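Inspection log for the structure reproduced underneath, given as C-alpha cells.
The values are calculated or read from the model by the stated rules, or taken from the named source; none is laboratory data. It should be emphasised that the depicted structure is a prediction, and the values quoted were computed from it without experimental measurement. A quick note on method: Cβ atoms are made from the backbone with ideal geometry, for glycine too, and the neighbour counts reach across all protein chains shown.
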C-alpha cells in the first residue's frame, strides 16, 4: 500500500469521537486499540485483523490487547519511530519478497536504526529520553513554526540548516517556557490528596512534567495537572525522577492509561480532590467567565490555600481559588 493513497486522520484525546472506518485498511497509531478515536464501545479487534495494523508503545494498551494483532508495538519507543520502521522495512520486504526483521529496543536506544533525525528527536522527546542534543529544543522550535517543510524535515541530516534553525529557535522558546513555568509553579502550585497519594498539582491546560521543573520532591508522591475543557476533566499524573513510580493503576481505574510515570484520564465525573476542596469555599470568590457579560462571576473555591500562599499574603482567609484560576476582589 502506498501512503500517497492513504487518508490521514488526526485525532487526540478530548477530540469528538470518530467512527471506525467501515472499509479499507486501517492503521491505528499511538492510540488504544480497544477504543480508538474516542469510542466508548470496544471493538472486536480479531474481526478486523485482515485490514488492521496497530502501532503503539503505551504499556496499558499493549497489556490488555492480544499480542497477535498485526503491527508493531514496543514499550519505551515512541510510536512515530515504530511507524517509520514498520513502513520502511515492509516496503523493502515487499520489493525483495522477504520477511522484514523489526529492530530491537536496544537498536532504538543506541540509535542504530535507519531513520530521519527529525523522527528520532521527536520520538525521544515523546518518551522523555533527553540526551542533551536538541530533542527539547527541536520539539519547541517545531511547534513555533507557522509552516513546516515536511519533505525537507524528513530527509535532512543533523547538519542541515533547516533542522539546526529549528533547534536554535527552540532554545529561545525553551528559555521563555522555563521562566514562565517557574513563575506559574510558585504562584499556582498546590498540594492535593488523590487516590491515597499526595501530589503537587497545577490547574492548567497544555502542560506536562516540565511545568514542575525545579519543584520540591519532598513529602509528595508525584506531580499532577488538571483542567476542565467545558465538557470533561483532564487529569495527568507524572512520576518523580528519583522514584520507581507507576500511576497506571490509577489511570486505568478512571478509564485512562499511558506510561508508569506519565499517564492520565478524562472524566465527566468531578475528581474527588476537587469535590472535597469545593466544600471549603470561603463563599467570596470570583473567576473569569468569558460567557458572561461581566468580567468576574461568583463561583466556588477549588482548593484551600497552602501555608506557602498564606505566608505570602495571597490567601489570608485560607481560600486560594483566586490563586488557581482567577482573582479575588
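I'd like to check something: does segment 18-27 contain any residue that is assigned to a loop (DSSP other than H, G, I, E, B), within 19 Å of residue 256 (Cβ to Cβ), in contact with a helix residue (DSSP H, G or I) (Cβ under 8 Å, 6 or more places away or on another chain) and modelled with pLDDT of 80 or more?
Checking segment 18-27: at least one residue is assigned to a loop (DSSP other than H, G, I, E, B), within 19 Å of residue 256 (Cβ to Cβ), in contact with a helix residue (DSSP H, G or I) (Cβ under 8 Å, 6 or more places away or on another chain) and modelled with pLDDT of 80 or more.
Within segment 50-86, how many residues are surrounded by 15 or more Cβ atoms within 10 Å (Cβ to Cβ) and outside any loop (DSSP other than H, G, I, E, B)?
Count: 20.
In this structure, does residue 105 turn out to be at pLDDT 95 or above, in contact with a helix residue (DSSP H, G or I) (Cβ under 9 Å, 6 or more places away or on another chain) and either under 16 Å from residue 155 (Cβ atoms) or outside the structural domain of residue 258 (by TED's automatic domain parsing) (or both)?
No.
Is it fair to say residue 111 is out of contact with any strand residue (DSSP E or B) (no Cβ under 8 Å at 6 or more places or on another chain), closer than 26 Å to residue 178 by Cα and assigned to a loop (DSSP other than H, G, I, E, B)?
Taking the combined requirement at face value, the residue does not satisfy it.
Only one of (1) buried (at least 16 other Cβ atoms within 10 Å of the Cβ); (2) within 27 Å of residue 249 (Cβ to Cβ) fails for residue 90. Which number is that?
Status for residue 90: all satisfied but (2).
Can you find even one residue in segment 174-188 that is in contact (Cβ under 8 Å) with a residue 24 or more places away in the chain, closer than 11 Å to residue 138 by Cβ and either surrounded by fewer than 18 Cβ atoms within 10 Å (Cβ to Cβ) or touching a strand residue (DSSP E or B) at 6+ places or on another chain (Cβ under 6 Å) (or both)?
yes
Which of the residues spanning segment 126-156 are within 17 Å of residue 241 (Cβ to Cβ) and crowded, with 20+ Cβ neighbours inside 10 Å? Step through it out loud before you land on a result.
Step one: filter segment 126-156 for residues within 17 Å of residue 241 (Cβ to Cβ), giving 127-132, 135-136.
If the condition is that a residue be within 17 Å of residue 241 (Cβ to Cβ) and crowded, with 20+ Cβ neighbours inside 10 Å, then 135, 136 are the ones that fit.
Go through segment 203-236 and count every residue that is surrounded by 13 or more Cβ atoms within 10 Å (Cβ to Cβ) and either free of Cβ contacts under 8 Å to residues at least 24 places away in the same chain or not assigned by TED's automatic domain parsing to the domain that holds residue 259 (or both).
2
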